[in-house]
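Input: a single structure, listed below in structure tokens.
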Amino acid sequence: MANAPSITASVSALPGIDSFPFFVAVRESPTLMAALEIGHLTGISLLIGTVIAFDLRILGLNRRLSVSVLARHLLPLGVGSLMLIVPTGLTMFAVRASDLLTERLFLVKIMLIFAGGILAVAFHTGPYRSVSDWDTETTAPRIARACALGSLLGWLIVLALGVLLPYKLNE
Ligand code: HEM
């Protein structure tokens with residue numbers, strides 16, 4: 001493994017990715033850039049919609065609805081939305097990596113996405129395991145409500161950062 005590239009070398013090579021011919025061609029094509037944005041925004045609509053619907057139910061809205069039934073309907077849609085968001089987001093990143101890697105808002109956005117993923121896993125392996133005790137007509141445990149509030153705020157901040165970013169980059 002003596003010749004394996006170090007992590008530092010791999011990260012410092014990232015800005016150069018936007019001069020690869022493929023990414024230059026994507027950047028210079030308004031059609032491809034629009035297609036990427038449409039894919040990203042479609043995925044985001046699905047993700048934010050499912051997050052808002054599920055988290056508000058955990059926070060106490062419409063207690064008649066079964067949390068576990070709602071989870072079975074919404075969570076696959078939320079996870080599926082990432083199939084659109086991540087590849088389009090990574091391609092849009094690759095076409096202007098040099099600008100984005102020095103933009104603090106972008107780095108905060110990516111960190112919050114990771115934090116949101118960790119929070120979702122913590123919710124499912126933690127308070128959600130006892131969902132049968134609070135499935136309907138009952139207030140969810142405090143820890144579950146804290147996760148829902150954190151998730152709601154976190155994803156809305158990610159959305160806001162995504163909207164702000166193009167303005168910052170064009171300043
Ligand atoms: C792996 C995850 C993601 C990556 C790598 C990523 C990357 C990007 C990039 C590079 C842009 C274009 C910035 C520019 O050059 O103008 C963008 C736009 C945007 N992103 Fe993401 N993103 C990701 C996930 C998300 C998520 C989860 C959300 C919202 C919940 C989000 C919301 C937005 C919004 C609203 C825009 C602006 C779109 C537009 O102006 O048309 N992104 N993203």
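Brief remarks follow.
- Count of segment 12-51 residues which are hydrophobic (A, V, I, L, M, F, W, C) and within 11 Å of the ligand (Cβ to nearest atom): 10
- Within segment 128-171, the residues that satisfy the criterion of being of a type in the set (S, T, N, Q), more than 17 Å from R72 (Cα to Cα) and surrounded by fewer than 17 Cβ atoms within 10 Å (Cβ to Cβ) are T138, T139, N170.
- From the list L153, L105, the lone residue that is within 28 Å of I38 (Cα to Cα) and in contact (Cβ under 8 Å) with a residue 24 or more places away in the chain is L105.
- Any hit, segment 60-74, residues being assigned to a helix (DSSP H, G or I), in contact with a Gly (Cβ under 8 Å, 6 or more places away or on another chain) and hydrophobic (A, V, I, L, M, F, W, C): no
- Members of segment 71-90 that are buried (at least 18 other Cβ atoms within 10 Å of the Cβ) and under 19 Å from L164 (Cα atoms): I85, T88, G89
- Cβ-Cβ under 9 Å pairs, at least 6 apart or on other chains, segment 23-48 side touching a residue at least 40 places away in the same chain (Cβ under 8 Å) and part of a helix (DSSP H, G or I), far side among the basic types (K, R) and surrounded by 13 or more Cβ atoms within 10 Å (Cβ to Cβ): F23/R96; R27/R96; M33/R27
Matching residues to (1) out of contact with any Pro (no Cβ under 6 Å at 6 or more places or on another chain); (2) hydroxyl-bearing (S, T, Y); (3) at pLDDT below 95:
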{"position": "V11", "(1), (2), (3)": "yes, no, yes"}
{"position": "A34", "(1), (2), (3)": "yes, no, no"}
{"position": "T50", "(1), (2), (3)": "yes, yes, no"}
{"position": "I85", "(1), (2), (3)": "yes, no, no"}
{"position": "K109", "(1), (2), (3)": "yes, no, no"}
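- Within segment 91-127, if we keep just the residues that are basic (K, R) and within 11 Å of the ligand (Cβ to nearest atom), the residue that is surrounded by the most Cβ atoms within 10 Å (Cβ to Cβ) turns out to be K109.
- Checking each residue in segment 49-59 for being surrounded by fewer than 18 Cβ atoms within 10 Å (Cβ to Cβ) and assigned to a helix (DSSP H, G or I) picks out G49, I52, A53, L56.
- Counting residues in segment 128-150 that are of a type in the set (V, I, T), at pLDDT 95 or above and near the ligand (Cβ under 9 Å from one of its atoms) gives zero.
The values are calculated or read from the model by the stated rules, or taken from the named source; none is laboratory data. All of these numbers come straight from a predicted model, not from anything done at the bench. Backbone-built Cβ (ideal geometry, glycine too); neighbour counts: all protein chains shown.
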